Amino acid sequence: MNKVLVCLDGSNLSKAVCDYGIDIAKKLNLPLVLLNVIEHSNISKKVNLSGNIGLGSKDDLLEELANEEMNESKQLILKGKAVLKEMEEYVKSQGIESYSTLQKHGTLYETLDELSSDLRIAIIGLKGESSSNIGSHIEELLRTLNIPILLVNKEFTPIESILMAYDGSEYANKAINIAKQNPIFPNIKRYIVNVNKDIIVSTKILSEAKLLFINANIDVETKSLSGDGVEAILTFQKENKIDIITMGAYSHNRFRSAIFGSFTTKMLLNSKVPLLLFR
């Protein structure tokens, strides 16, 4: 796991995604990979497929669809190459020497799954250029991939503090283990918060988390919060001007999330700072 990967789709967040990748690659002294994924909608914009079609017409239709798909593919490839070229020049201007560019066909999930064994972290714009691009695949990525994913939702600012939302779950413990054993953001200030109506339980959970960091000689501040989980965490982040939020992602199954809503999804929708998520 020795590369920092940034996913570039040409959206407004592409430069910010690249900036966070450059910052992490420099601090960890790791190579940077610039990735563009070509996804196909397979939806014709020109042909009406309704009604009965004669044999000859079917042949014409198939040919027209094939030509349309080929033209779409060419346009996406050219656009993706232009994005990669632009970001490559930018990366070089920022002093990054160890980097590579990669253009793949398929889905973003399939591509990251294929590359994941060689990645330290993947960085993705939270909102893609269209509903069929990066933004719509976030939940699938977070539910299935076992690599840290940094979701960027704003222009780059240096990361000098981290807020860790901790509930004692398996995924929250995974985030802490990575943070102390192989930190993505070493030597920066860390806050650990727990939202719980029972202050005694909350204090116990936070004490256990703090002990894990103390044993690794990492100083942290802890805080018990009350009220709505998402609102309490985001309010604490804003009041303390914390640069990034990290947490375990989607600890419940899809069925439960569909009924009760998902804490992770609510954080994705409401956070004003990037989110570093662990599955």
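The values are calculated or read from the model by the stated rules, or taken from the named source; none is laboratory data. What you are looking at is a predicted structure, and each value in this text was computed from that prediction instead of being measured. Ideal geometry is used to build each Cβ from the backbone, glycine not excepted, and the neighbour counts take in all protein chains shown. Please note that ligands, DNA and RNA were not included when accessible areas were found on the heavy atoms of the full protein model with its side chains. Shrake-Rupley method; radii C 1.70, N 1.55, O 1.52, S 1.80 Å.
Keeping to the range 89-112, report how many residues are open to solvent by 40 Å² or more (accessible area, probe 1.4 Å), in a helix (DSSP H, G or I) and out of contact with any Asp or Glu (no Cβ under 8 Å at 6 or more places or on another chain). Qualifying residue count for the region: 5. Inspection of the range 232-240 identifies no residue that is in a helix (DSSP H, G or I), among the small types (G, A, S) and either within 23 Å of N29 (Cα to Cα) or within 21 Å of the chain's Cα centre (by Cα) (or both).
Candidates are the residues of the range 168-227 that are touching a Gly at 6+ places or on another chain (Cβ under 9 Å) and acidic (D, E); the one that is surrounded by the fewest Cβ atoms within 10 Å (Cβ to Cβ) is E170. Could you say whether any residue in the range 57-65 is basic (K, R), more than 21 Å from the chain's Cα centre (by Cα), at pLDDT 90 or above and in a helix (DSSP H, G or I)? No, because not a single residue in the range 57-65 is basic (K, R), more than 21 Å from the chain's Cα centre (by Cα), at pLDDT 90 or above and in a helix (DSSP H, G or I).
Residues are listed down the side, and each one gets a yes or a no for (1) out of contact with any Leu (no Cβ under 6 Å at 6 or more places or on another chain); (2) at positive phi; (3) at pLDDT 95 or above; (4) not in a helix (DSSP H, G or I):
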residue: G10; (1), (2), (3), (4): yes, yes, no, yes
residue: D19; (1), (2), (3), (4): yes, no, yes, no
residue: I22; (1), (2), (3), (4): yes, no, yes, no
residue: A25; (1), (2), (3), (4): no, no, yes, no
residue: L30; (1), (2), (3), (4): yes, no, yes, yes
residue: V33; (1), (2), (3), (4): no, no, yes, yes
residue: I43; (1), (2), (3), (4): yes, no, no, yes
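Filter the range 177-222 down to residues that are among the basic types (K, R) and modelled with pLDDT under 80, then give me how many there are. Result for the range 177-222: 1.
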